[in-house]
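The values are calculated or read from the model by the stated rules, or taken from the named source; none is laboratory data. The structure presented is a predicted model; accordingly, all values stated were derived computationally and were not measured. Glycine also receives a Cβ, built like all others from the backbone with ideal geometry; neighbour counts cover every protein chain displayed.
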Amino acid sequence: MPRGYRWMFWLTGLPGWMRFGFSPGWGALPPAAQYLMSTGQLPQFMSFLQSYSPVSVPSMRAEDELRILKERAEILERELREIRRRIDELKRSESE
């Protein structure tokens, strides 16, 4: 007789106790939380989680930006030429 649904096992390949990491049960904390609580680092960790420091993108030199924009314009012009060529082909095939 089957022992219940095995959908998550077949989906992940892991049994339930292994699926979401180590959990010692109802009475204890996971290893990382136990370490933070026992070493007294919990207040600093909580302030770290609440701090927000946006990542800034380094500015680009004007020469690099100009080169990139010229390359992009060239690519777009080439694509536009191909589109116009295809339009002309379709017009010629319709007129025949």
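List of remarks:
- Criterion violated by Leu36 - all others in (1) surrounded by 10 or more Cβ atoms within 10 Å (Cβ to Cβ); (2) at pLDDT 80 or above; (3) within 29 Å of the chain's Cα centre (by Cα) satisfied: (2)
For (1) assigned to a helix (DSSP H, G or I); (2) surrounded by 10 or more Cβ atoms within 10 Å (Cβ to Cβ), each residue gets a yes or a no:
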site: Pro43; (1), (2): yes, no
site: Met46; (1), (2): yes, yes
site: Met60; (1), (2): no, yes
site: Glu63; (1), (2): yes, no
site: Ile68; (1), (2): yes, yes
site: Glu71; (1), (2): yes, yes
site: Glu74; (1), (2): yes, yes
site: Arg81; (1), (2): yes, yes
site: Glu89; (1), (2): yes, yes
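- Comparison of Gly21, Gly27 shows that the only residue that is over 28 Å from the mean Cα position of the chain (by Cα) and modelled with pLDDT under 95 is Gly27.
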